[in-house]
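A quick write-up on the structure given underneath.
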There are 2 protein chains.
Amino acid sequence: MTIVYLAMACAALAVLYGIFTSMQVLRAPAGDTRMQDIAAAIQEGAKAYLGRQYRTIAIVGVIVAIILFPTLGALSTVGFVIGAVLSGVAGYVGMEISVRANVRTAEAARGSLQGGLTMAFRSGAITGMLVAGLGLFAIAGIFWYLVAIAGHGPGDREVVEALTALAFGASLISIFARLGGGIFTKAADVGADLVGKVEAGIPEDDPRNPAVIADNVGDNVGDCAGMAADLFETYVVTIGLTMVSIALLVQAPPAELLRLMALPLVVGGVCIITSILGTYMVRLGKGQSIMGALYKGFWTTALLAVPAIYFAASWALGDLNAVIGGAGFLDPGGDTLTVEGAMGAQAPVAGTAFTGMDLFWCMMIGLGVTAALVWITEYYTGTAYRPVKSIARASVTGHGTNVIQGLAISLESTALPTLVIVVAVVASYQLAGIIGVAFAATALLALAGMVVALDAYGPVTDNAGGIAEMAQLPDEVRHRTDALDAVGNTTKAVTKGYAIGSAALAALVLFGAYTTDLRLFFPDLTVDFSLSNPYVIVGLLLGALLPYLFGAFGMTAVGRAAGSVVEDVRAQFAADPGIMAGTSRPQYGRTVDIVTRAAIREMIIPSLLPVLSPVAVYYIVMWVAGQAQGFAALGAMLLGVIVSGLFVAISMTSGGGAWDNAKKYIEDGNHGGKGSEAHKAAVTGDTVGDPYKDTAGPAVNPMIKITNIVALLLLAALAGGGAA
Amino acid sequence: MTIVYLAMACAALAVLYGIFTSMQVLRAPAGDTRMQDIAAAIQEGAKAYLGRQYRTIAIVGVIVAIILFPTLGALSTVGFVIGAVLSGVAGYVGMEISVRANVRTAEAARGSLQGGLTMAFRSGAITGMLVAGLGLFAIAGIFWYLVAIAGHGPGDREVVEALTALAFGASLISIFARLGGGIFTKAADVGADLVGKVEAGIPEDDPRNPAVIADNVGDNVGDCAGMAADLFETYVVTIGLTMVSIALLVQAPPAELLRLMALPLVVGGVCIITSILGTYMVRLGKGQSIMGALYKGFWTTALLAVPAIYFAASWALGDLNAVIGGAGFLDPGGDTLTVEGAMGAQAPVAGTAFTGMDLFWCMMIGLGVTAALVWITEYYTGTAYRPVKSIARASVTGHGTNVIQGLAISLESTALPTLVIVVAVVASYQLAGIIGVAFAATALLALAGMVVALDAYGPVTDNAGGIAEMAQLPDEVRHRTDALDAVGNTTKAVTKGYAIGSAALAALVLFGAYTTDLRLFFPDLTVDFSLSNPYVIVGLLLGALLPYLFGAFGMTAVGRAAGSVVEDVRAQFAADPGIMAGTSRPQYGRTVDIVTRAAIREMIIPSLLPVLSPVAVYYIVMWVAGQAQGFAALGAMLLGVIVSGLFVAISMTSGGGAWDNAKKYIEDGNHGGKGSEAHKAAVTGDTVGDPYKDTAGPAVNPMIKITNIVALLLLAALAGGGAA
């Protein structure tokens, strides 16, 4: 239990870091009255939206809780509520910091680039540490309560169900938050651009544009709050499900099992410390490279994680070279696991057992995947490399060629991440089976604090630029905030690639949990997961359809909501010519309100798609071909959704980032610069990339998770309720 | 054998129909000298391109044949050569007719809409009947030779290998033809539009544009020759592999096996007759609806196919209610087939046997899928329905929203076809196992003659419009050809959805052949195809990557080749101002030559991707984890490529068609009509949709097939050569 206490202490440290740094940020000067007025409008809009979003989600949450209680018991319901509430808290607090740091970043950028960078990054780091800290605290706290207080064994069914329900709560909130926030931010952004830049010919963030406050609100509720909820979910699902799969698959005495299950917690804990250390390394060097400064922080965190994980593993497991239990290896040739977990323990231990050192290497693979994904994303979305340059060059021949080249890059950008993930799966599986894959995913996610910090920095700088423009600060301030913002496109793309990459690793682990649960709950049922079973193909195809359908909903929603923004702005311009003349103030709140209602309305049906689809597929196939085939199709669906979702998500997020930076590359004076025909084409590409990268693409990650978790819960419910 | 003779007679009838109708077409007046001059330039360009393309493919073909001969034997080599040559012939003859019918259609459209329609449709019907006729003749001929002359049993290994090699030859040519032709047509089209419509401000098909002949050449070599080679491949693979799977999976005495294997042939035969009857029903009604006229032909063919298939099945099988052999059903719970084919026959017959009536119903499911796919494609690409209208409406707010809505429709358009395919797989599998799925695919493809006729009609009308414009025929002629052409967008999209839909059904059959071959060649090897095997996940992910990478190559190739067209045209305009003034003639041939070289160069690497990837995946995984896992990963790759390819292909082809028709819908006077801002945005969408629907999307179908067939051949080669 000492190990668990250490993890909880690290989680507490992250929260303390958040409080301490928040005080630092809030103490900084918030600029002149004009800037504060603008910031207040953004704050007000963001709070109003998030409040309404959470009230809507709460209704869904309460309904789900009411269904969970009789079917899966009190423990699962409590786990669900904790996951849901904390996911909401992570998003809300992130937004609260972000809407205060934006104006302070603009003010700090008056002084120096370093000042703006420090302010924006600190604000991001608060969100990052809260995501990791709250996530780790929830998992460790529940585990501690059940094992140390309630007296359950570490591998008991209660632990498995509580952790699964925690993950479900986090996932359910995050899909609504990601999608709702994503629709809000891009509807406002696209709408503001269309009616402002294109129709009225006024620059971005011009205070005469009635949609300008909505656009800035969007950065906070989508790119900050939505992203934070999403990464909270990813963190909880990955680390929690690693523990669940240990409980299900590893055959070991309780004391040894406890130490193994505590290992992901302590790895998460020590990486919080290396992340905090990393945040202090974010400083501009001689070259004034902002990306370089951020990378200094990231690399410090990642490199320090190597010895930290080594010591954590040694301490948790004792002798790293001792063989640990018997892991759930797959019998080559069979199609079901030959080892039951501590619960089942019917079959003898099969396959190669592993050592602590094997797990250490698996975690190194996880760190390696993180580094590789960061590098690949930088390559595909950075202005210094072929992909972005090729889109910029294609813009010279028009809108069409810009979009064609952008789509080509979108498609291409899936290749390297897929190869990295494939190599990681093979290598970690060879070392320690499914448990090895789970530990690779855990190490990947352990760096979440730093990765989220880099991402949450983006919307703050974006807002700071908007405030600088609206408050008519001197040009050099806007140049500084623009420079800070350009880097944000890449860091935002990094997080999304990272989240979906972890989903691909986690998919195998989740499927392992599914098959093990199936054996446990339905020991007499033989389910054929072979590819020669047509119901498996049916499941794969239906699973593969989900990201497409979901993407279609997301894109359509943005288009429709952006249309309402355009109409409202046109109406405001027509009703009051003083707006364009600069003599009267537009009704910012009215536009915010329209986007709010549209986003809330549009998020509901697509978010329910991954919740209801697994249930529908199971029941329909069961009705046609019996229960065993129902479970086969459902299991295949879980893998179909990742097999297609990985590609849909990466192509959308990398492609969108590349389009955005191709526009910035042209604005930097290439191919004719701002105002040229090439620039107009690049603005089109950027508009297309917006819902790709910030609405449909990132929401695929929670969608995949929720499909998987609903399947696990369905199994438990069909087996006649939970353990509690 | 009488049944096989009947099939061969029907195939011969199709070829006779082709010759007879060709004579009709060629007898029609070919217009004035100016029109004939233009047509001659198009003919010359098309022949020059196709000649060079076939010479290049021939080199690859000879290399492959040289590899095949020592590894798989003479029989496979001969089968490969026949498939390759006939696929080439189908494309070449289609092009030869098309480049002659275009000018005759323009001339006939001077007289009446019906005249133009008849001429264009007859030309399409020639290509359609040749594709089906040559395909059926090749399969039936090889089968007849091996069984009736060489004295092999119908289920012997020789038959299996010769039919597989025939399919390989057809697939290899078709991927080059589809991709090379697709790059040519869209590079010329996009290049001509960019520099003509957008830069120089001259209308489409203006004779002053040096790229205008290349654009018209492209219709013939891409949309006609490439499409014909592709559908020839689809026909041969589907019907041939249905016979192969009967040979491998059905346990029956030789006489009964012969009758069952002849059934797909005779079904193909009678459907050629119903297709020919259908072609005579294509006539305008009172409403002058062109789509209505084409549908009359299609529905006649499809409805007559119902009794025709019933009588064919009764005649081939005798008593439709008698139980046929023992089919290769899957043992629920196991992961390998429990029935070996006539060759292996080690295990007892398992699963439910089926009757002729069951097969009849499976074929009705296949016809139902065709009808459903036609209707769904019409819905997604027709100007009368929500999807196209929504893209047109989104064009009002600009280029960006047009593309966003187009992408949303692309993503959404995958849903209904997937559900149709899933229902068809489940229903036909419930009726007669994998053999049932194979027969559903056979009936689907049996209508290929009519479907190809509808498709090949498109490029002829497109060319006719171009010739009318360039030869400055009266406006009403151009209006008539435009009306004929608009329908072509939908019929072209139909064929692509149809081809990829059949690929999805065939995938299960091909995978069945793969697992059966594996058992046959490596009886001591236990291969785990379960989803819990991580190498299966690895194979699925790598397979899913192929369509993305392939799509990226295709899109980039079009962008790059279109860029060279733009540069050439700019250079021609700059060198000779007389071109724009209309006093001197542009060097059309120079542009054709540039596009030719670019297309040939760009087609090679992507076409080799599906040929080499299966081999690479097998050897790499074998090296890491042993032969059994190598085969598991390879098998999973075959399904991964369809699970992702189905969505990539449908989204691209339907989305592209919708974009194109949204432009046409605006040109019909909606949202401001030609020249409005909405129209400009719609032109951008059309440009983006061009390589989507005509280059990358359709080439996914042969890519999927070739991956599968290479895997089958690899198995045979690893087992130490073929039977011959």
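The values are calculated or read from the model by the stated rules, or taken from the named source; none is laboratory data. Computed from a predicted structure; not experimentally measured. Here the Cβ is made from the backbone with ideal geometry for all residues, glycine too, and neighbour counts use every protein chain on show.
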Exactly one of A:THR401, A:THR381 is over 24 Å from A:ILE500 (Cα atoms) and of a type outside the set (Lys, Arg), and that one is A:THR401
Of the residues in region A:520-549 that are over 14 Å from A:GLY640 (Cα atoms) and either among the hydrophobic types (A, V, I, L, M, F, W, C) or away from chain B (no Cβ under 11 Å) (or both), the one that is surrounded by the fewest Cβ atoms within 10 Å (Cβ to Cβ) is A:ASP524
Can you confirm whether region A:613-631 contains a residue that is touching a residue at least 24 places away in the same chain (Cβ under 8 Å), part of a helix (DSSP H, G or I), closer than 26 Å to A:VAL221 by Cα and touching a helix residue (DSSP H, G or I) at 6+ places or on another chain (Cβ under 6 Å)? no
Checking A:GLY182, A:GLY201, A:GLY196, A:GLY218 in turn, the sole residue that is without any contact (Cβ under 8 Å) to a residue 60 or more places away in the chain and closer than 26 Å to B:VAL396 by Cβ turns out to be A:GLY201
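Okay, residues lined up against (1) in contact with a Phe, Trp or Tyr (Cβ under 7 Å, 6 or more places away or on another chain); (2) buried (at least 24 other Cβ atoms within 10 Å of the Cβ); (3) of a type in the set (Ser, Thr, Tyr):
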| position | (1), (2), (3) |
| --- | --- |
| B:ALA211 | no, yes, no |
| B:ASP215 | no, yes, no |
| B:GLY222 | yes, yes, no |
| B:GLY226 | no, yes, no |
| B:ASP230 | no, yes, no |
| B:TYR235 | no, yes, yes |
| B:THR242 | yes, yes, yes |
| B:ILE246 | no, yes, no |
Exercise. Hey, any hits in region B:484-507 for a residue that's free of Cβ contacts under 8 Å to residues at least 60 places away in the same chain and away from every other protein chain (no Cβ under 14 Å)?
Worked result: yes
Scan region A:591-601 and give yes if some residue there is more than 10 Å from chain B (Cβ to nearest Cβ) and surrounded by fewer than 17 Cβ atoms within 10 Å (Cβ to Cβ), otherwise no.
-> yes
Of the residues in region B:550-560, those that are within 7 Å of chain A (Cβ to nearest Cβ) and not β-branched (Val, Ile, Thr) number 4
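Please determine, by comparing only the residues of region A:666-724 that are among the charged types (D, E, K, R), more than 14 Å from chain B (Cβ to nearest Cβ) and out of contact with any Asp or Glu (no Cβ under 7 Å at 6 or more places or on another chain), which one is surrounded by the fewest Cβ atoms within 10 Å (Cβ to Cβ).
Only one residue fits best here, namely A:ASP668.
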Discussion item. Just checking, does region B:384-391 include any residue being within 11 Å of chain A (Cβ to nearest Cβ) and either buried (at least 24 other Cβ atoms within 10 Å of the Cβ) or outside any helix (DSSP H, G or I) (or both)?
Written reply: yes
Of (1) surrounded by fewer than 24 Cβ atoms within 10 Å (Cβ to Cβ); (2) touching a Leu at 6+ places or on another chain (Cβ under 7 Å), B:ALA513 satisfies every one except (1)
A careful count of residues in region A:294-337 that are modelled with pLDDT of 95 or more and in a loop (DSSP other than H, G, I, E, B) gives 0
Across region B:393-412, the tally of residues that are more than 7 Å from chain A (Cβ to nearest Cβ) and either closer than 30 Å to B:GLY240 by Cα or in a helix (DSSP H, G or I) (or both) stands at 6
For region B:79-94, indicate whether the set of residues that are of a type in the set (Phe, Trp, Tyr), under 26 Å from the mean Cα position of the chain (by Cα) and either crowded, with 23+ Cβ neighbours inside 10 Å or more than 24 Å from B:SER607 (Cα to Cα) (or both) is non-empty. yes
Discussion item. Looking for something of a type outside the set (Gly, Ala, Ser) and within 12 Å of chain A (Cβ to nearest Cβ) - is there at least one such residue anywhere in region B:575-585?
Written reply: no
When restricted to A:ALA557, A:ALA561, the only residue closer than 22 Å to A:VAL641 by Cα, assigned to a helix (DSSP H, G or I) and under 27 Å from the mean Cα position of the chain (by Cα) is A:ALA557
Only one of (1) at pLDDT below 90; (2) touching a strand residue (DSSP E or B) at 6+ places or on another chain (Cβ under 7 Å) does not apply to A:ALA724, and that is (2)
Filtering region B:520-551 for residues that are in a helix (DSSP H, G or I) and free of Cβ contacts under 8 Å to residues at least 12 places away in the same chain leaves a count of 1
Within region B:630-664, of all residues that are within 11 Å of another protein chain (Cβ to nearest Cβ) and aromatic (Phe, Trp, Tyr), the one farthest from A:PHE647 (Cα to Cα) is B:TRP659
Note on A:ILE67: of the conditions (1) in a helix (DSSP H, G or I); (2) touching a residue at least 40 places away in the same chain (Cβ under 8 Å), unmet is (2)
Exactly one of A:GLY640, A:GLY656 is touching a Ser or Thr at 6+ places or on another chain (Cβ under 9 Å) and in a helix (DSSP H, G or I), and that one is A:GLY656
Residue set A:VAL494, A:VAL460, A:VAL452; condition over 15 Å from the mean Cα position of the chain (by Cα), aliphatic (A, V, I, L, M) and either modelled with pLDDT of 90 or more or surrounded by 24 or more Cβ atoms within 10 Å (Cβ to Cβ) (or both); output residue A:VAL460
Per the list (1) in a helix (DSSP H, G or I); (2) more than 14 Å from chain B (Cβ to nearest Cβ), residue check on A:ASP205 breaks on (1)
B:VAL420: passes all of (1) within 10 Å of chain A (Cβ to nearest Cβ); (2) surrounded by fewer than 24 Cβ atoms within 10 Å (Cβ to Cβ); (3) within 30 Å of B:ILE246 (Cα to Cα) but (1)
Of the candidates A:GLY685, A:GLY645, the one satisfying the condition of being under 18 Å from the mean Cα position of the chain (by Cα), modelled with pLDDT of 90 or more and closer than 22 Å to A:GLY182 by Cβ is A:GLY645
